[in-house]
1. Within region 3-24, which residues are loosely packed, with under 15 Cβ neighbours inside 10 Å and under 30 Å from Glu192 (Cβ atoms)?
2. Quick check, is Glu217 under 30 Å from Ser115 (Cα atoms), assigned to a helix (DSSP H, G or I) and at pLDDT 85 or above?
3. For residues in region 132-143 being in a strand (DSSP E or B) and not hydroxyl-bearing (Ser, Thr, Tyr), which is nearest to Gln39 (Cα to Cα)?
4. Kindly indicate the residue of region 25-54 that is over 22 Å from Val143 (Cα atoms) and in contact (Cβ under 8 Å) with a residue 40 or more places away in the chain and also surrounded by the fewest Cβ atoms within 10 Å (Cβ to Cβ) among those meeting that condition.
5. Check region 290-303 and report whether any residue there is assigned to a helix (DSSP H, G or I), among the hydrophobic types (A, V, I, L, M, F, W, C) and assigned by TED's automatic domain parsing to the domain that holds Leu337.
Amino acid sequence: MIRRLRYRFILMATAALVIAVSLTLTAVLLLSSRRIDIQYGAVLEAILENGGRLPGRLPDDERIDVDEIPELLYELRFFSVTSDAEGNVSGRDTGHIATVDGRTIDEAVHAAVRSGRSQGRVRVDRFYFNYASRETRDGRLYVFIDVTSRAWILREITSYMWIVGLCIVVIFLMIIFHYSKEVISPYVESMEKQQQFITNASHELKTPLAVISANTEMTEKLSGQTKWTRSTLKQVERLNGLVARLVTLARMREKKPEDLMPVDMSRVASEEADNFEDVVTVSGKRFSKSVESGVTVRGDEKSLRELCAILLDNAAKYCDEGGCVSISLTGGRHPVLTVSNTYAGEGKVDTSRFFERFYRQDGSHNSQKQGYGIGLSIARDIAFHMEANLRCTFRDGVISFAVTMKRDGPAAGGEKS
């Protein structure tokens, strides 16, 4: 269990770092690309204002930091064209660019026309152009600035940033793996102390309970049975059951994954269902069983029987009068044991709290429904140590507990009993 806890901590910490690094790098790259578009957008507006020609100086614009890039005006590579609504070029000025030919210019204009936007970015072969346009008397004037070098630099920076991000994650993973034992050690120590306390308290309670039970029985033999002696023996029986379950809860934590063996889950589920059928039907409720044969899982038979008994006992207690309790087992790659009961209780059913110790859905610990409030907590621990997954759902007036287990052997279907 400690190893699983450690690996889970490492996985969650690494996942959090990966998300943080990915979001940070993505934000930096998007902001950098946006900054380039804003800067060149201001330059494009200045050229358009000057009729498609380069102005003598860039205007005072907060989007253009001329002091930071004093040579910006002289390193621009751009061309301007005039076209009709279909993108047919009627005039062009290529005096400030030397690496594009007529075909490239025509394709860039047609791409801009197809986009339907007055400004944006287009790609033609290996070239990237930021463009802006406006209506003139002779047609629509387009200005295209070659931003291929900036796009290439941005791609290179992106590659290096992701490599650095990957290195950060790997280094973090190595560090967290080394120190993970120390990080979870307080939790492990607390868990071990809790387990030791439960075990010691359970053993310490057994002796006084046995004495109380023996003394009460002797009193009944000497003075006869009374309502007081019956109540005392009933409470002693209840406390003995609670102690037994606390011991089960403590012992479950001592089991290791290597202790698990192949278990005929079809036989276990069918036998436990037969044991509870009379308990359910004698109170006027219906019982349904659908168990697929030949389902073998990896686990501990005694613990799996306890798991089935807890779920069936819980379903029988909280099933509506005249309702139905059902148990089913399906095979496949991941066998699923499902125990359900009808429930029309008032208010919202908070299934997330069902596995809390000493929690009752009816909100009363003096309920006529006899129980200790730790059964489902034990069931969850059993499922965890069997490397299974226990989940609870409430839908259409039916509470269902489904246990997804690991199959031992080939995933072949069988008959239902």
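The values are calculated or read from the model by the stated rules, or taken from the named source; none is laboratory data. This is a predicted model, so every value here is computed, not measured. Don't worry about glycine lacking a Cβ; one is built from the backbone with ideal geometry, like all the others, and counts go over all protein chains shown.
1. Scanning region 3-24 gives Arg3, Arg4, Leu5, Tyr7, Arg8, Leu11, Met12, Ala15, Ala16.
2. Values: under 30 Å from Ser115 (Cα atoms): no; assigned to a helix (DSSP H, G or I): yes; at pLDDT 85 or above: yes.
It is false that Glu217 is under 30 Å from Ser115 (Cα atoms), assigned to a helix (DSSP H, G or I) and at pLDDT 85 or above.
3. Out of the qualifying residues, it is Ala132.
4. Restricting attention to region 25-54, the residues satisfying the condition of being over 22 Å from Val143 (Cα atoms) are 25-32.
This time we only want the ones that are in contact (Cβ under 8 Å) with a residue 40 or more places away in the chain, so: 25, 28-29, 32.
Values: Leu25: 16, Val28: 13, Leu29: 16, Ser32: 15.
Ranking the qualifying residues of region 25-54, first place goes to Val28.
5. The answer is no; no qualifying residue exists.
Each row is one residue, and each column tells you yes or no for (1) assigned by TED's automatic domain parsing to the domain that holds Tyr7; (2) in a strand (DSSP E or B); (3) of a type in the set (Gly, Ala, Ser).
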site: Thr99; (1), (2), (3): yes, no, no
site: Ala108; (1), (2), (3): yes, no, yes
site: Gly120; (1), (2), (3): yes, yes, yes
site: Asn130; (1), (2), (3): yes, yes, no
site: Ile175; (1), (2), (3): no, no, no
site: Tyr179; (1), (2), (3): no, no, no
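Residues checked against (1) closer than 16 Å to Lys406 by Cα; (2) surrounded by fewer than 21 Cβ atoms within 10 Å (Cβ to Cβ):
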{"residue": "Asn275", "(1), (2)": "no, yes"}
{"residue": "Thr281", "(1), (2)": "no, yes"}
{"residue": "Arg298", "(1), (2)": "yes, yes"}
{"residue": "Ala309", "(1), (2)": "no, yes"}
{"residue": "Lys317", "(1), (2)": "no, yes"}
{"residue": "Val339", "(1), (2)": "no, no"}
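This table checks each residue for (1) at pLDDT 90 or above; (2) aliphatic (A, V, I, L, M).
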| position | (1), (2) |
| --- | --- |
| Gly241 | no, no |
| Leu246 | no, yes |
| Met252 | no, yes |
| Asp259 | no, no |
| Asp264 | yes, no |
| Ala269 | yes, yes |
| Glu272 | yes, no |
